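I have placed the structure first, in the form of structure tokens, so that the comments after it can refer back to it.
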Amino acid sequence: MKILFIDVDPQYLLGLPSGFEKNGCKVKILTDIVEEELEQLLEEYHPDLVVTAGWTKIHTDSKLKILGEMVEKYHLKHAYWATEDPRWTDQWSLPYIKATKPEYIFTIERESVVFYQQLGFKAYYLPWACNPDFHQPTEPVETYKCDIALVATAGITWSSYRRDSARILLKPLVERGYDVAIWGKRWDKLDPNIVGFDVDSRYLRGKLSYLETNHVYSSAKIVLGFQNVTTELTSRAYEIMGARGFLLVPATTAVLEKFKPGKHLVVTRSEDETLRQVDYYLNQEEKRKKIALRGQQKVYSYHNTYSDRAAQMLEITSSREGKPCRKP
């Protein structure tokens, strides 16, 4: 089967494409949407399935219009992975769908499946995952060594559970002067009136290339994992554990549904519990290593890899009825 995967963000390029290849597919990647280039590729390659995802810098109104026109002109089977649900469904997912006309919608949020189905779409649940070929441990790097690391983009409005995650995980640590290193955008513009606390500039390490994230996860003693909603896991939860990072996360429904605290990761329900967990595990290197290893083993199996996600997408899009035969 021939797949055309269109995106430019390394997070996506290092995910599903590899999964499709492991399922025996031929994969071509297109990192921009230029009408002449796309049309020539479609005429020469004749893909069985076009896969797009997310909302990245190539998804301008004009480029999405081109993609939608090509989907219609060449009668393409198009599957869109809506990874911004549910926080940005109205602003990003729905305009994307309207412009590009996918036949199938896959979403990272279970409740959004019914929403799309009620709009008349073939919609299915497809959560994030990890790619064992990329999300794996590296040798610790001096630049990234610290007691506690956070890789995250600071929110603008902080209107989701992400704000609760920041208050539970980060607030007590920066207020008490722990060795915390924060990589990501917009932290220098953090509004304490919105999030409820301030972060001194000494904690900030600036932007981080996605290709460098494994080095952070492998070099820090503890890695904080913000969650955006309580019912679904973020991509970084899988990625940190895949890189054998020792993950500390809020005790959300999704976390407790998928993993066992103290075995695969460590959870916290309050600022005080965060301090207790950090104080304990900073001095327990062997326990950290054992938990991180079991966490890695968990996400490398039990249908948590992009090979599994790609297999599910292929199964659905190859079925006449478009019905999944198994859940992730």
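With respect to the conditions (1) more than 18 Å from the chain's Cα centre (by Cα); (2) among the hydroxyl-bearing types (Ser, Thr, Tyr); (3) part of a strand (DSSP E or B), TYR96 falls short on a single one, namely (3). Within region 130-155, the set of residues being part of a strand (DSSP E or B) and among the aliphatic types (A, V, I, L, M) comprises ILE148, ALA149, LEU150, VAL151. Go through ILE33, ILE29 for me and flag whichever is modelled with pLDDT of 95 or more and surrounded by fewer than 21 Cβ atoms within 10 Å (Cβ to Cβ). Matching residue, one of ILE33, ILE29: ILE29.
Restricted to region 1-33, and to residues there that are assigned to a loop (DSSP other than H, G, I, E, B) and not hydrophobic (A, V, I, L, M, F, W, C), the residue that is farthest from the chain's Cα centre (by Cα) is GLY24. Among residues of region 285-296 that are in contact (Cβ under 8 Å) with a residue 40 or more places away in the chain, those with a Cβ under 6 angstrom from a residue that is not charged (D, E, K, R), sequence gap 6+ or separate chain, pair up as ARG288/PHE246; ARG288/TYR281; ALA292/PHE246; GLY295/MET241; GLY295/HIS264; GLY295/LEU265; GLN296/MET241. What is the residue count in region 172-193 for residues that are touching an Asp or Glu at 6+ places or on another chain (Cβ under 6 Å) and surrounded by 14 or more Cβ atoms within 10 Å (Cβ to Cβ)? Residues that pass the stated criteria total 2.
Filtered by the rule that a residue be in contact with a strand residue (DSSP E or B) (Cβ under 8 Å, 6 or more places away or on another chain), surrounded by fewer than 21 Cβ atoms within 10 Å (Cβ to Cβ) and over 19 Å from VAL50 (Cα atoms), region 116-157 gives GLN117, PRO132, LYS145, CYS146, ASP147.
Using the structure shown, decide if THR213 is farther than 26 Å from GLU109 by Cβ, of a type in the set (Ser, Thr, Tyr) and in a helix (DSSP H, G or I).
In short, no.
Counting only residues that are surrounded by 16 or more Cβ atoms within 10 Å (Cβ to Cβ) and over 18 Å from LEU150 (Cα atoms), region 262-272 holds 1 of them.
Would you point out the residue of region 34-88, among those that are assigned to a helix (DSSP H, G or I) and of a type in the set (A, V, I, L, M), that is nearest to ILE316 (Cα to Cα)? My answer is VAL71.
Of the residues screened, VAL216 is one that is in contact with a helix residue (DSSP H, G or I) (Cβ under 9 Å, 6 or more places away or on another chain), modelled with pLDDT of 95 or more and buried (at least 21 other Cβ atoms within 10 Å of the Cβ). The set of residues from region 68-98 being surrounded by fewer than 17 Cβ atoms within 10 Å (Cβ to Cβ) and in contact (Cβ under 8 Å) with a residue 60 or more places away in the chain comprises just one member, LYS77.
Here ALA311, ALA251 are screened, and the one residue that is under 21 Å from the mean Cα position of the chain (by Cα), surrounded by fewer than 22 Cβ atoms within 10 Å (Cβ to Cβ), in contact (Cβ under 8 Å) with a residue 12 or more places away in the chain and not assigned by TED's automatic domain parsing to the domain that holds ASN214 is ALA311.
The values are calculated or read from the model by the stated rules, or taken from the named source; none is laboratory data. Only a predicted model underlies this, so the values are computations on that prediction, with no experimental measurement involved. Backbone-built Cβ (ideal geometry, glycine too); neighbour counts: all protein chains shown.
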